[in-house]
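Below is one structure; the comments refer to it alone.
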Number of protein chains: 2
Amino acid sequence: MGERMVIIGADATGMSAASQARRLRAADELEIIVFDKGNHTSYSACGIPYWVSGDVADADDLIARSPAEHRARDIDLRLRTEVTDIDVARRRVLARDLDTDERTWTTYDKLVLATGATPIRPPLPGIDAEGVYGVQTLDDGQALIDGLAATTGREAVVIGAGYIGVEMAEALVRRGFRVTMVTRAAEPMSTLDSDMGALVRKAMVGMDIRLITGAEVTGIRTGADGRVQAVSTADAEYPADVVVLGIGVRPTTELARRAGLPVGESGGLLTDLAQRVHGYDDIWAGGDCVEVLDLVAGALRHIPLGTHANKHGQIIGTGVGGGYATFPGVVGTAISKVCDLEVARTGLGEADALRAGLQFHAVTIESTGRAGYFPGAAPMTVKMLAERRTGRLLGVQIVGRDGAAKRIDVAAVALTARMTVEQMTALDLGYAPPFSPVWDPILVAARAAAKAVARGH
Amino acid sequence: MGERMVIIGADATGMSAASQARRLRAADELEIIVFDKGNHTSYSACGIPYWVSGDVADADDLIARSPAEHRARDIDLRLRTEVTDIDVARRRVLARDLDTDERTWTTYDKLVLATGATPIRPPLPGIDAEGVYGVQTLDDGQALIDGLAATTGREAVVIGAGYIGVEMAEALVRRGFRVTMVTRAAEPMSTLDSDMGALVRKAMVGMDIRLITGAEVTGIRTGADGRVQAVSTADAEYPADVVVLGIGVRPTTELARRAGLPVGESGGLLTDLAQRVHGYDDIWAGGDCVEVLDLVAGALRHIPLGTHANKHGQIIGTGVGGGYATFPGVVGTAISKVCDLEVARTGLGEADALRAGLQFHAVTIESTGRAGYFPGAAPMTVKMLAERRTGRLLGVQIVGRDGAAKRIDVAAVALTARMTVEQMTALDLGYAPPFSPVWDPILVAARAAAKAVARGH
């Protein structure tokens, strides 16, 4: 007798889990049903800013695998179908067809929650007005693109200065909008310490993005037609034909919570290392709707990123397929392109470290991405945190030009291996004049950090 | 009473050692004398191909710190002065001024050997003819540039297909020469396995470099004027107005050997982890004249690279200065630019692994350096070796375009941490569409390798 795997959510985690389970178990052994209320499968949400900017021509380019391709592999895909209830006692889910409004219960042997995350919409007057957009799903992206095409106005306001906000600000500039970014934070790119964020500010200002920092949005003014007209703070009002929300996202777990499944402080589902929901042998969860273990802080956090989502799907599919795989946790790596800058971080920033109870030495060094004499060598700033006394690497932030972003991977591996900054000074990193100075910027930072640790205090 | 530090060799290791020792001990505590038979200090030999190609305008650009700058820091620099004897019993060296032929003995308390390496010149007829150039020192580079300017011919032959040979071939093409490369190896870039080298061949052929592989040079024909005219193999003769030797280098240790200092199989000096020559408390050695510990193969090897040379200098200077530092070894990282390709390797190739007594699984995957849908995404090939049974990473080779070379650093750190390929599949590497697919090529390779290990045989 075959088993039935039911998956809620058809993006990275859900469809990776489906594909991997199918690889391990044929259709006569395992039936796979996937519900999603949207129209798309397996897409790159991270690509939306590049679709909006025009770098990527078509939404189809962002789709790694289409519904037809999944169906061809015996995956029963039910799009535009929203799961509204989970009945864990009877192992079944209630789904509603958004077009016909038909509701049906479907039983499962294995259930996978891959419900993702939802952009935060603060309860502001006007927040639901026409012309206010989140950018989380491909459908969100399509709505924004349609909205941009429809408006004749040229004023855009981005609320929030996380990496999605910053990438969207740039995309809107490239679409010909005058862009204002309003954020509570002191500097843009709130995933960085503010001294590093100041470098990003410079690049954004150079692109004529107006930056309003340290400011709380108090409301969104709408016209008689119900469309957005301006974004207000306590001090000022900024005209807006389009508003993009870049304040961050929250795990989409209302459904799971109603079913009694356990969530953590952030609202993300709690799972074991095999991505099974705590207390349930037959329910898995992964991607943007779960909390992940931050290996550096030693704490659970909500870090919604496509990389983790894909890995989770792989691990869940392996588990459901009868194999063995676990997700050990993350170190907090994130990279981004901002105008002509590359921005990267991994591990803990200063505030993260203090919150984790860690004391540290922080150093910041200036170097270049290529040998100093090589044509095109541009400055690169590296900030490194090392634990006091032990000298263990705690985190790295990099802002620079070519080769800055992916250099963070060296630190990500070193964090995973729990290296000290002294050990890092001996790393055998690649060197050739077009790609690096003979002392790679990461090594220069490690030497400075090791010196600070040795000096102590 | 002050001590005297004597250094033989004024490039990376020697001058880093001098600078670091000076930082730790003032001139009244430590006198520092540096001898070098050449004209330059602290230069980037790796930059010579880019100077020859014209990317770098001036030799001065390759000099990190000039003789005057060193002297201003109380370092007694004696250029054009060759050390011809070391008397370890009486702790003194005999040096000859190349201009005056004057010879003087200088005593030392601490001696540093930083004599570098010398291009291999096989004992071929014509090898010493005018128009045949090595490219190891800045003086070599100047001689070649002068030679290129002087000749009216347009035919260049590069002998050898290591990374210096390949970089020089490209530089000569850019200087307007017709370039033929002759090598014993099956494919160019002999630091790679031949299946990966074949990708480099394609790029070189695309640049109109004529590649003669599997061919042994039998002689160099010269004209009545004593100048090179052609390079001969058993089968053919290739016209040559200029010949560049890229066959590799040998540690320059005749002087040290005559003094009875211990060398290894390669002829490189043998040191302990603090870079002190075996059996001597007062003699240090580092850079291209020593053997280094290959942490993956568990063996001593001669790996002449600027990165190690600089680290050695730092460590020696710290030791002489009364501090503590050691060099744990290398994992064999090397990167290079070949035409529009980036080429990288770390750890062991197939032949290296077999020589080390290791059995392995090798996998090769194709991916891209950016998200597949992002403009400019170009193919990237990653080959990965994992030890049979343990699954420990043994080596990685990458050939691709933007971002291929420095991606090797992830593998270099993983090798240092002795990670398994299974552990690597969970690495939290940076992802953003302009810089990486959501599964970084390194992760794709690690997954394939982990699967091969799990399957076993």
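The values are calculated or read from the model by the stated rules, or taken from the named source; none is laboratory data. This is a predicted model, so every value here is computed, not measured. Using ideal geometry, Cβ is built from the backbone for each residue, glycine included, and neighbour counts are taken over all protein chains shown. For accessibility, only protein heavy atoms count, side chains too; no ligands or nucleic acids. Shrake-Rupley method; radii C 1.70, N 1.55, O 1.52, S 1.80 Å.
Report ³J(HN,Hα) in whole Hz for each residue of the range A:3-14, in order, from the Karplus equation J = 6.51 cos²θ - 1.76 cosθ + 1.60 where θ = phi - 60°; Gly and Pro get x.
9, 10, 9, 10, 10, 9, x, 10, 9, 3, 5, x
List every residue whose amide H lies under 5 Å from the amide H of B:Thr420, counting only residues 5 or more places away in sequence or on a different chain, with H placed 1.01 Å from N in the peptide plane.
Placed amide hydrogens put B:Leu393 under 5 Å from B:Thr420.
Determine the dipole magnitude for chain B: charges of +1 sit on the beta-carbon of Lys and Arg, -1 on that of Asp and Glu, nothing else is charged, the reference point is the Cα centre, and the result goes in debye to the nearest 20.
Taking the Cα centre of chain B as origin, the dipole is about 1260 debye.
Let me check against my output: what whole-number percent is the relative contact order of the range A:64-199, with C-alpha pairs under 8 Å and at least 6 apart?
Result for the range A:64-199 is 11 percent.
In µm²/s, what is D for the range B:261-334 at 10 °C and 1.306 mPa s, where D = kT/(6 pi eta Rh) by Stokes-Einstein and Rh is the Kirkwood radius from Cα pairs?
Result for D is 131 µm²/s.
Suppose we keep just the DSSP beta bridges with both residues in the protein assembly as shown; what percent of those would be antiparallel, to 5?
Rounded to the nearest five, the antiparallel share is 65 percent.
Please work out, to two decimal places, the log10 of the ratio I(q)/I(0) at q = 0.11, 0.12 Å⁻¹ from a Debye calculation in which every Cα of chain A carries one identical scatterer.
Calculated log10 I(q)/I(0) at the listed q: -0.96, -1.11.
Rounded to the nearest 20 debye, what is the charge dipole size of the protein assembly as shown about its Cα centre when +1 sits on each Lys and Arg Cβ and -1 on each Asp and Glu Cβ?
1360
Got a sec to turn the phi values of the range B:100-109 into Karplus ³J(HN,Hα) couplings, 6.51 cos²θ - 1.76 cosθ + 1.60 with θ = phi - 60°, whole Hz, x for Gly and Pro?
So the Karplus estimates, Gly and Pro as x, are 9, 6, 5, 10, 9, 8, 10, 7, 9, 9 Hz.
For a quick protection proxy, order the peptides B:28-40, A:339-351 by their average other-Cβ count within 10 Å, most packed first.
In decreasing order of mean packing, B:28-40, A:339-351 become A:339-351, B:28-40.
When N is the residue count of the protein assembly as shown, what does its C-alpha Rg come to as a fraction of 2.2 N^0.38 Å?
1.04
Relative contact order, percent, of chain A when contacts are C-alpha pairs under 8 Å separated by at least 6 residues?
Relative CO of chain A lands at 14 percent.
Across peptide A:306-313, what mean number of C-beta atoms from other chains lies inside 10 Å of a residue's C-beta?
Average per residue, whole number: 4.
Note down the accessible area of B:Thr416, probe 1.4 Å, to the nearest 10 Å².
B:Thr416 has an accessible surface of roughly 60 Å² with all protein chains in place.
Rounded to the nearest 5, what is the percent of antiparallel bridges among the DSSP beta bridges in chain B?
DSSP beta bridges in chain B are roughly 65 percent antiparallel.
Between copies, how far apart are the A:Tyr324 label points? List them in nm, one decimal, shortest first, with each point 7 Å from Cα toward Cβ, please?
Relative to the other copies, A:Tyr324 has label-point distances of 4.1 nm.
Which order, highest average first, do B:54-66, B:284-296 follow once you tally other Cβ atoms within 10 Å for each residue and take the mean per peptide?
Highest-to-lowest ranking by the protection proxy: B:284-296, B:54-66.
What order, most packed first, do the peptides A:126-135, B:120-129 have when packing is the mean number of other Cβ atoms within 10 Å of each residue?
Per-residue mean Cβ counts within 10 Å order the peptides as A:126-135, B:120-129.
Could you work out the pair-distance distribution P(r) of the range B:334-455 from its alpha-carbon pairs, with 5 angstrom bin width and percents rounded to whole numbers?
2, 13, 23, 25, 19, 11, 5, 2, 0
Rg and Dmax of the range B:103-155, Cα atoms, in Å?
16.7, 52
Compute the distribution of all C-alpha to C-alpha distances in the range B:130-242, in bins of 10 Å from 0, and list the percent of pairs in each, rounded to whole numbers.
In order of increasing distance, the bins hold 15, 47, 33, 5, 0 percent.
Using a label position 7 Å from Cα in the Cα→Cβ direction, what is the ascending list of nm distances from A:Gly214 to the same site in the other copies?
7.2
Could you list which residues have their amide H under 5 Å from that of A:Thr118, counting only those 5 or more apart in sequence or on another chain, with H placed in the peptide plane?
Those lying under 5 Å, H to H, from A:Thr118 are A:Arg250, A:Thr252.
To check you understand DSSP bridge types, tell me what percent of the beta bridges within the range A:121-247 (both residues inside) are antiparallel, rounded to 5.
Restricted to the range A:121-247, the bridges split so that about 35 percent are antiparallel.
Need one value for A:323-331: mean number of C-beta atoms belonging to other chains within 10 Å of its residues' C-beta atoms.
Neighbouring Cβ atoms belonging to other protein chains average 2 per residue here.
For peptide A:72-78, how many partner chain Cβ atoms fall within 10 Å of a residue's Cβ, on average?
0
Arrange the residues A:Arg388, B:Arg389, B:Arg90 by how much accessible surface each exposes, largest first, with a 1.4 angstrom probe.
I get B:Arg389, B:Arg90, A:Arg388, largest accessible area first.
Apply the Karplus curve 6.51 cos²θ - 1.76 cosθ + 1.60, θ = phi - 60°, to the phi angles in the range A:248-262 and return the couplings in whole Hz, x for Gly and Pro.
These are the phi-based 3J(HN,Hα) values: x, 10, 10, x, 8, 10, 4, 4, 5, 5, 4, 7, x, 6, x Hz.
Between the label point of A:Glu102 and that of the same position in each other copy, find the distances and list them shortest first in nm, with every label point placed 7 Å from Cα along the Cα-to-C-beta direction.
Those label-point separations list as 10.3 nm.
Give me, ordered by chain and number, the residues 5 or more places off B:Val290 or on other chains with an amide H under 5 Å from its own placed amide H.
The list, which skips near neighbours in sequence, is B:Leu269.
Would you calculate, for chain A, the mean residue ellipticity at 222 nm contributed by helices, counting each DSSP H stretch of 4 or more residues as -39,500 (n - 2.57) and dividing by all residues, to the nearest 500?
Here the helix-only value at 222 nm equals -8000 deg cm²/dmol.
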